[in-house]
Amino acid sequence: MQLLPIYKKWILFIAVLIALVFATPVLADYLGPNRTETVTVETCNMVRYECKQVNGRWRYKRTEDWSCPTGHDACEGGDKGDCDEGNHSGGPYCSREYGTKEVITTLAPATITGTIENCTAPNGWCMTPTNLALLANEPLVDRGKVILLIEGRFNGVTFACPSDTPSPVMTCSIGLQEGQNDFEYWALSSWGDSSEKGYSSARVDTVPPDVGLDISGVSGTNGWYVSDTTVTAAGADATSGVASMLLTIDGGANWQPSLTLEEGVYTVTVSVTDNAGHESHSSTPVAVDTTTPSISMSVAGTLGNYGWYKSDIQVTATATDATSGIATFEVSADGGAYQTYTPITFSDGHHTIRFKAVDVAGNLTETPLQEFYVDTIPPVVDLPGSWQLGRDVSYEARDAGSGLLALRIVIEDENEKYAKLAMDRDASGSSYASHLDWNGEFRNQTVAPPGTYLVWIKAADKAGHEHFELGRVIVPQPNVLFNLLPTEEPLVSADLPLPPAELSETVGEPPAGVPPVFDFGGGTSESTGTTEGSTQSVLLSTGTGPAAATSSPGILWGGAAAAAIAAATAYALEETRKRKEAEEAQAAAVRAEIARDKAKDAEKGLTKEEKKELKAEQARAHDAKVQERKEREEFGNLSAEEKAQLKWEQERDAAYAQQVYENWLAQQEIREQMAENLTDFKDRQEMRWDVEQEALQEAAQEQREQMAQDARNQAIAEKLTKFEEQEEANWVAMQATIQEREAEKSWLQRTWEGTKDARDTVWNWVDQHQSEIALAVGVAVGVAAIALSGGLATPLVAAAWVAGAAVVAAGATAAGTVILNNHYGREWHENLLKNVAISGVAAVAVTGGWFLIQGATSAAGALCASNPTACARVEPILTAVDTGEELWLQSKMAYQTWRGDSAGAADTALELQMEHMDGGMPGNAIAKELGAGVIENVAKYGDEAIRLVALYGDDAAQIIMSYGDDGIAVLMKYGNDAIDLINDHGLLAINVMKVVNPEDAKELLEVLDDDVLEYVVQQSPEAVDALSRWSTDDLTKYGQELALRAQKDANALAAAKKLVSSGPIDPKHLTEEQRALIKTIAENSTQYGDEGQVVLGKWVDQGSGFVEVAKDTGSVHYNPHPDMWDMLGELGNENQEEVAWLINRQVVQTGIDKGLPFEYSLNGIKPEKVDSEMDAIERIWEGAADIDTMYANVKEALGSSYVPIRMQELMELCNAGYTYSFDAASNSYILIKP
């Protein structure tokens, strides 16, 4: 009967347990311990009663009670007796009272403990996989209670550890995740309660940090960097965070956060440590090459003069790069495209070359264009082989390569008996032609006797080549017949002389050189990689000399002619043979001379054996050249120029041969005729010989004596003639030099020298009139002082002018006197004191006299003003004085106008006008019109006041007497334009015109009430100026409001002016001064205080848009002075907009910092634009937080290419955390910060 209920209880328990298991994920509600137990038990108390009077009545009263003792009552006393009014003798008694009571018992609760296992935490972080071990215990095992499950929260997420079999002891292990792990847990008991909460926390990081390397440098090619490169250790750890990031290079012990790498290849090792203690390492190679390749160029060849090479040259180059190595090396010759480098060979001509090298890192070196000039061919000289003295012989030198540099002619006799004659010719260009006309004299004017003389011509080109050409000039015998016959035996080749030493002398030593070696590149890659270098170039010029002149020989008749023809024929044949031999000998001699020069150069610094070997080598080279020439002649291997030369020589020889043959035929006839003539001549001579022999001998003797005398006379005459010719030539040369120098002089020099006589006359006149000139100087300085002072001055000022005039006059005169004495060579102090005294006294007299006259005339004017009757008696005198004053003022004004002193001329014109107005009185006589009293009052303010009264009459006098110096200042500045305003508005007009011109002042005075304008005047002059800058329409509509803000506008404009002049403005890097100025502009451009709601929106004008809303509601708003934008325009368009935005943003930021609410009004937005405006506003808050996306959304919504400042203001509010709501009643967005 009792088993069934027990079975049902277990089924119910298991069902509840299953439900709890499946419901665990969603339960996890903490119950807490609840182990109180209530039990009803029987109670027994012993109660003692005593008879006592209570409140006037006798009765038994309970005095104490206690639990029934075990075994006996333990109560002293008897039974209950009487206890009332009548009898209260009853004694104390005890009674046992029985009842029940509930006893509440608290039992031991379930417990749970948590332990973090497997945690190695040197830095408070578990570095290995870790778990939380939970242990739950149920103490009421004797009552059949068990732990149902363990549950709790892990980082706020509920968890439960169910068990298949509930038991008094339950365990649970939970793995910890990366990062912070916070647990709270408890055990659920079958009692129906839970244990107390347990808490455990642990931080877990089992993952090493990520490691990286940031490289900052200019990337080249092939993974190289071409600038100094900064490497920075980088790393990340998502759990415990990075504790340190360090790196080192090439395994070194110096660990740093970053390093700058220069040229080289490095291994960069990075070590990153997280806060848990994990370390990660990585190594990265970094290659840096900051140096461009180096290119070294050299030229192999014989360097001549003036940068020309005398032989074919080979240009070679090498490219090196010590770090990354050479990737490509190219060459461009004669302007061609770049090709892979090979050595380049250049022959005759002008050539260019450049090289380009690129290293593996991408650094480039490109050499500048190099120029080379090559000339391997010596000059050519055309000169006849021989000619007779008196012929005008033409010669020509040619050089098609570097061009001719110099040409020297040397004439000598073969025995070097006479002083050689050397002549230099200025030869240049590709050819030089001239003629040789020798007069038969050597250098010491020795006349060459009959014979044959050598004429050498040496031509040198710029490259350094030289060519020697030999010709012969024949000085004939005095007898005409024998003049045509050879006077000396011709020389054979072996006897051909060498060129004289005089031909080796150079005309202007040409610059020699050595083969250059050029180095390029090797610099840092921050440059272009191209090294500038010098280039060698020679400019060639061409020209031709004068054509050779010809001369005709004398004409002979009869037998003399026949003899001459025969002699000429024989001479021509002989000369042909001699010329050929001489040409061959000359060529051989030149080659020998060149070979000797080369040998001498080569032998320098050689030993005897080396010199011997060198000579042998030169001999072999000479034989090889001779053999080569023979072979070339034999096989036709001649160059075009050599072929042309050979053809010309063949044609010339053929012509000579034909001429010789024809002359031989003619010679045969002449010889036959000569034989007959000679026979007749001998017969006649023999017949007359005896008769005339004695007479002939006497005549011969006389003739010889006469000839000797004639010769002496002739020699003297010739010497005199030569001397005269030389003197004439020298005079002509001197005149040419003078003319050249005259031509070189400037026009000014020639003009100055041409006036020497006139200047001497002036000097003499000045010297003779020193006293008069000193007096004139004193007078002139005095007049100038009067003009500069204006003619009026107080006594002290006048004294200063007098003293100054004296000093200036004396100084000028002293300087002139010293200069004059120096010119004539006299003592410097001669006449000095006398001239200085005259000049100084004259200046004092003129200047002082004028000021005395002016004082007197002013006194007279004042006297006449107060005593007109007395002045009337001397009217003619006063009129004359007044006329003098007017003439003086007219002269003074003319002088000031000529000098360009417009201000002084204007003042003088005013004085002249006053003189015209004064009625003929001397001095300032305007007092006639105004009366003595007015003039006396005005005169207290000085001459300027009197001048104003003279100009503007009674109005000026009243203003001066009413407003004093302020009135004078305004009248002097604005004149008549100010008088009406002062008469209408008084002192207020004067105060306003102190700041602005009459036109602006009139606008302010007419538009604004006087009290409003007076308020602005009291603020400051700058406030008045700022107010005057508003338009008439704005002043009319909002004058009182603009007056109230005038001082703030002045402060803002002053700050803006200072901001514009503070220098370049970089919005991202403002100076402290610029920030302060922008803040000042923003504060003073913010209207209606700085508290309360800030109104934003579209600017329309002062009475519309968001400004209208702000004014109606008395809200804070940004409304700058209209001149602000124009002032910022001096920064340029881009800076103007950026600085304007900085000021706007400062206003918004001030409201944000104060937490003020903002209202964005749609007032002023065109109806058709309202939807797009609202769309743009809402996109700011609904779009992404980054500024670029905001800009893109606003542009798209507004259909605009830019973002207006009003939208930028809203972006600032959005980024500051403001939220918006739309108020339809006010047609505005309300923006507040939560």
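The values are calculated or read from the model by the stated rules, or taken from the named source; none is laboratory data. None of these values were measured; they are calculated from a predicted model. Here the Cβ is made from the backbone with ideal geometry for all residues, glycine too, and neighbour counts use every protein chain on show.
Taking the conditions exactly as written (buried (at least 16 other Cβ atoms within 10 Å of the Cβ) and modelled with pLDDT of 80 or more), does Leu971 satisfy them or not? It is true that Leu971 is buried (at least 16 other Cβ atoms within 10 Å of the Cβ) and modelled with pLDDT of 80 or more. For Asp73, indicate whether it is at pLDDT below 80, among the acidic types (Asp, Glu) and surrounded by 11 or more Cβ atoms within 10 Å (Cβ to Cβ). Yes, satisfied.
The listed residues are Arg143, Arg96, and the only one of them that is of a type in the set (Lys, Arg), closer than 24 Å to Tyr30 by Cα and surrounded by 11 or more Cβ atoms within 10 Å (Cβ to Cβ) turns out to be Arg143. In summary, helices (runs of 4 or more DSSP H) completely within segment 1108-1205 and bearing 3 or more residues that are touching a Gly at 6+ places or on another chain (Cβ under 8 Å) occur at 1187-1198. Scanning segment 1121-1145 for residues that are acidic (Asp, Glu) and either closer than 14 Å to Lys1057 by Cβ or in contact with a helix residue (DSSP H, G or I) (Cβ under 8 Å, 6 or more places away or on another chain) (or both) turns up Asp1123, Asp1126, Glu1130. The selection criterion, being among the acidic types (Asp, Glu), touching a strand residue (DSSP E or B) at 6+ places or on another chain (Cβ under 7 Å) and either assigned to a helix (DSSP H, G or I) or at pLDDT below 85 (or both), holds for Glu1209.
Taking the criterion of being in contact (Cβ under 8 Å) with a residue 40 or more places away in the chain and farther than 28 Å from Asp65 by Cβ, the residues of segment 82-114 that qualify are Leu107, Ala108, Pro109, Ala110, Thr111, Ile112, Thr113, Gly114.
Number of residues in segment 409-455 that are touching a residue at least 12 places away in the same chain (Cβ under 8 Å) and assigned to a strand (DSSP E or B) equals 22. Kindly indicate whether any position in segment 194-207 is β-branched (Val, Ile, Thr), surrounded by fewer than 22 Cβ atoms within 10 Å (Cβ to Cβ) and more than 60 Å from the chain's Cα centre (by Cα). No, there is no match, as no residue in segment 194-207 is β-branched (Val, Ile, Thr), surrounded by fewer than 22 Cβ atoms within 10 Å (Cβ to Cβ) and more than 60 Å from the chain's Cα centre (by Cα). Restricting segment 255-301 to residues that are surrounded by fewer than 17 Cβ atoms within 10 Å (Cβ to Cβ) and without any contact (Cβ under 8 Å) to a residue 24 or more places away in the chain, the residue that is nearest to Val358 (Cα to Cα) is Pro285. Residues in segment 1190-1210 include at least one that is crowded, with 19+ Cβ neighbours inside 10 Å, over 21 Å from Val1100 (Cβ atoms) and in the same structural domain as Val1094 (by TED's automatic domain parsing).
Annotation note: of Ala1050, Ala1076, Ala1055, Ala1026, the sole residue that is hydrophobic (A, V, I, L, M, F, W, C), in a helix (DSSP H, G or I) and not assigned by TED's automatic domain parsing to the domain that holds Met1207 is Ala1026.
Quick check, is Ala463 of a type in the set (A, V, I, L, M, F, W, C), part of a loop (DSSP other than H, G, I, E, B) and in contact with a strand residue (DSSP E or B) (Cβ under 6 Å, 6 or more places away or on another chain)? When the stated conditions are applied, Ala463 passes them.
The residue list Ala736, Ala780, Ala815 contains one member that is loosely packed, with under 12 Cβ neighbours inside 10 Å, at negative phi, assigned to a helix (DSSP H, G or I) and at pLDDT 80 or above, which is Ala815.
Restricting segment 125-144 to residues that are part of a loop (DSSP other than H, G, I, E, B) and touching a strand residue (DSSP E or B) at 6+ places or on another chain (Cβ under 6 Å) leaves a set whose member that is nearest to Thr36 (Cα to Cα) is Glu138. If you check Ser347, Ser394 for being at pLDDT 90 or above and either surrounded by fewer than 17 Cβ atoms within 10 Å (Cβ to Cβ) or on the phi > 0 side of the Ramachandran plot (or both), only one passes: Ser347.
Of all residues in segment 108-117, exactly one satisfies the criterion of being in contact with a strand residue (DSSP E or B) (Cβ under 6 Å, 6 or more places away or on another chain) and in a loop (DSSP other than H, G, I, E, B), namely Ala110. How many of the residues in segment 233-248 are in a strand (DSSP E or B) and either buried (at least 17 other Cβ atoms within 10 Å of the Cβ) or of a type in the set (D, E, K, R) (or both)? Counting residues in segment 233-248 that are in a strand (DSSP E or B) and either buried (at least 17 other Cβ atoms within 10 Å of the Cβ) or of a type in the set (D, E, K, R) (or both) gives 8.
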